[in-house]
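Worksheet for the structure shown next.
The values are calculated or read from the model by the stated rules, or taken from the named source; none is laboratory data. A quick note: this is a predicted structure, and the numbers were derived from the prediction, not measured. Here Cβ is always computed from backbone atoms with ideal geometry, including for glycine, and neighbour counts include all displayed protein chains.
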Amino acid sequence: MEAGTRIDPKIIEQIKKQLNTINAAPFFLCVSGSDNYGFASENNSDVDIRGAYYFKDPRNMFCLPIERKLTLEGEYFLEGMKYEWQLHEILKFYRLMSKSNMNILDWVFSDCWIIHPPEFLKITREKLREVSREFINQNLINHAIGWSKRMFDTDWNNPKKILHSLRPLMTCLYYLETGNYEPNIQKIIKHEMFVKYHNLVINLIELKKAGLPTNQILKQQAIKTYDELKKILENRKGEIPNVKDNSHIVDLIIANIRLRTIKQYNLIDKS
């Protein structure tokens, strides 16, 4: 099922209502999690909504407690489905992007965008993706390996955990091989480099959807695949630019967004 078809307008209303309490609005919203990674189940009981927001009056961010102006989270239950959201204020969002944060890249390259940046900001999804690609550096590899290791150390009887362990490594290697960032593991395994892992991934997805544990054969295949992918990625890490300070670029982007917002909402004092 396409993730976007499961987003009831009532959910968007709830997110906007919460943002209104701090005089803010969505910058963009997307679906992430299993839906974005290519192994969602028909009977999924939750949907992860991610994105960023901006203050309608940028001056408001200086009047809020620090925890309120960085990340907004919430949840809403509708017809047996749990919707969870996490939105970063644009400053935090772009700072994380500039550090090649894998979560942020997964959101930006999600196939299911619910809300796009407002027209007055003159930032399209394509432009946002272009900027995020320019920021990609070796932090991405570090993040992916760390993420995979955390999943690796959990429950190898759970096919979902295994998929979450393999997917970040495959996403990074796919980027190295093609120059394209792809969060969806089912799209990745169609590439010739990953054909050998196709059956393993599909079998794990089918087990996850059926709510069944991993058998011993698949478990051993998965562990071998994890070790192999991790070693390849570590050996190819040098193909991605070194980490560098992009804060000056972020400052320019944020300044432009703030100025356009001030103009849009007629906040300039002409007296």
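Structure values in brief
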item	result
Within the stretch 104-132, considering residues that are among the polar types (S, T, N, Q) and touching a residue at least 12 places away in the same chain (Cβ under 8 Å), the one surrounded by the most Cβ atoms within 10 Å (Cβ to Cβ)	110
Residue identified as farther than 29 Å from residue 27 by Cβ, touching a residue at least 40 places away in the same chain (Cβ under 8 Å) and among the aromatic types (Phe, Trp, Tyr) among 194, 152	152
Conditions (1) of a type outside the set (Asp, Glu); (2) closer than 30 Å to residue 99 by Cβ; (3) in a helix (DSSP H, G or I); number of the one not met by residue 209	(2)
Verdict on residue 31 being touching a strand residue (DSSP E or B) at 6+ places or on another chain (Cβ under 7 Å) and either crowded, with 16+ Cβ neighbours inside 10 Å or free of Cβ contacts under 8 Å to residues at least 24 places away in the same chain (or both)	yes
Residue count for the stretch 113-144, restricted to those that are assigned to a helix (DSSP H, G or I), within 17 Å of residue 255 (Cβ to Cβ) and not hydrophobic (A, V, I, L, M, F, W, C)	1
Count - residues of the stretch 145-165 that are surrounded by fewer than 24 Cβ atoms within 10 Å (Cβ to Cβ) and assigned to a helix (DSSP H, G or I)	12
Cβ-Cβ under 7 Å pairs, at least 6 apart or on other chains, the stretch 209-233 side free of Cβ contacts under 8 Å to residues at least 24 places away in the same chain, far side aromatic (Phe, Trp, Tyr)	none
Criterion violated by residue 198 - all others in (1) at pLDDT 95 or above; (2) closer than 21 Å to residue 146 by Cα satisfied	(2)
Residue in the stretch 148-160 that is hydrophobic (A, V, I, L, M, F, W, C) and either closer than 20 Å to residue 111 by Cβ or in the same structural domain as residue 38 (by TED's automatic domain parsing) (or both) present	no
